[in-house]
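Working notes for the structure below.
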Amino acid sequence: MTIGIVIFPGSNCDRDVHWALQGCLGRSTRFLWHEERDLKGLEAVVLPGGFSYGDYLRCGAIARFAPVLEEVKTFADRGGPVLGICNGFQILTEMGLLPGVLTRNAGLHFLCESTPLEVQPGRCQWLANYHDGEQINLPIAHGEGRYQLDSEDMKRLEDNGQVVLRYRNNPNGSVANVAGITNISGNVLGLMPHPERACDDVSGGIDGRRLLAAALG
């Protein structure tokens, strides 16, 4: 199995994802430059964290027009596993693959810390290796991770079981403690915490390893 890792100008977590998948899990990876259109041979795609195109307009707002994402959308619509981490989550919302928007953190401070989470995997493929209500810890590193959605759509999201990760301490002020959501089919996951930074024992924890391993069979 080969997993594609999309690289935008400004990405800074692509190598972390590569190490987690290939160095820790022994899986083949392929970097995808933002102008590429060829996803042949890939069985999953990861949009890593960073500051795509400098986040000069709004997080993910420019990246959504990258040629590679046209193919990623087609891939996801066909049921292909897609994971968006941090900036990748922001991009998925801008693309319309996931609902909602990520805004400035409550308090307007950049947050970089380990964060306790509760997993509610539902139908999410990426969380199939966790049990419902499991408590884990993953690092966060973002300035615009406050998830926002109007109350009616938020109720629909929760009724559909699409809220799959919640903060136990809600460090950024996200509505309903949302840390990660999935699409209705469960093949697309967006989350603000960084599972790739919790895959190696030397980094202090491996709670993210099962997430990245889940889509690999």
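The values are calculated or read from the model by the stated rules, or taken from the named source; none is laboratory data. This structure is a prediction, so every number in the text was calculated from the model and none was measured. Methodologically, a virtual Cβ is constructed for each residue, glycine included, from the backbone with ideal geometry; neighbour enumeration extends over all protein chains shown.
Exactly one residue out of Asn187, Asn177, Asn183 is polar (S, T, N, Q), under 22 Å from Gly60 (Cα atoms), surrounded by fewer than 24 Cβ atoms within 10 Å (Cβ to Cβ) and in contact with a Lys or Arg (Cβ under 8 Å, 6 or more places away or on another chain), and it is Asn177.
Among the strands (runs of 3 or more DSSP E) confined to the range 1-71, the ones with at least 2 residues that are among the hydroxyl-bearing types (Ser, Thr, Tyr) and either touching a Phe, Trp or Tyr at 6+ places or on another chain (Cβ under 6 Å) or free of Cβ contacts under 8 Å to residues at least 40 places away in the same chain (or both) are located at 28-33. So, of the residues in the range 137-148 that are surrounded by fewer than 21 Cβ atoms within 10 Å (Cβ to Cβ) and either farther than 18 Å from Leu102 by Cα or touching a Phe, Trp or Tyr at 6+ places or on another chain (Cβ under 7 Å) (or both), which turns out to be modelled with the lowest pLDDT? So the residue we want is Gly143.
Screening Lys73 with (1) at pLDDT 95 or above; (2) crowded, with 21+ Cβ neighbours inside 10 Å gives one miss only, at (2).
Whether any residue in the range 137-153 is closer than 17 Å to Cys86 by Cα, outside any loop (DSSP other than H, G, I, E, B) and among the hydroxyl-bearing types (Ser, Thr, Tyr) is what I want to check. Yes, the range 137-153 has at least one match. Taking the criterion of being over 17 Å from the mean Cα position of the chain (by Cα) and farther than 29 Å from Asn105 by Cα, the residues of the range 32-67 that qualify are Trp33, Glu35, Glu36, Arg37, Asp38, Leu39, Lys40, Gly41, Leu42, Pro67.
All of (1) at pLDDT 95 or above; (2) surrounded by 15 or more Cβ atoms within 10 Å (Cβ to Cβ); (3) farther than 26 Å from Thr2 by Cβ hold for Glu152 with one exception: (2). Select from the range 73-123 the residues that are more than 26 Å from Asp207 (Cβ to Cβ) and in a helix (DSSP H, G or I) and list them in ascending order. Answer for the range 73-123, where residues must be more than 26 Å from Asp207 (Cβ to Cβ) and in a helix (DSSP H, G or I): Lys73, Thr74, Phe75, Asp77, Glu94, Met95. Here Ala179 qualifies as in a strand (DSSP E or B), under 19 Å from Thr93 (Cβ atoms) and either at pLDDT 95 or above or not charged (D, E, K, R) (or both). Reported count of residues in the range 182-208, each being part of a loop (DSSP other than H, G, I, E, B) and out of contact with any strand residue (DSSP E or B) (no Cβ under 9 Å at 6 or more places or on another chain), is 5. Scanning the range 22-51 for residues that are in contact with a Ser or Thr (Cβ under 9 Å, 6 or more places away or on another chain) and surrounded by fewer than 24 Cβ atoms within 10 Å (Cβ to Cβ) gives Gln22, Arg27, Ser28, Thr29, Arg30, His34, Leu39, Gly41, Leu42, Glu43, Gly50, Phe51.
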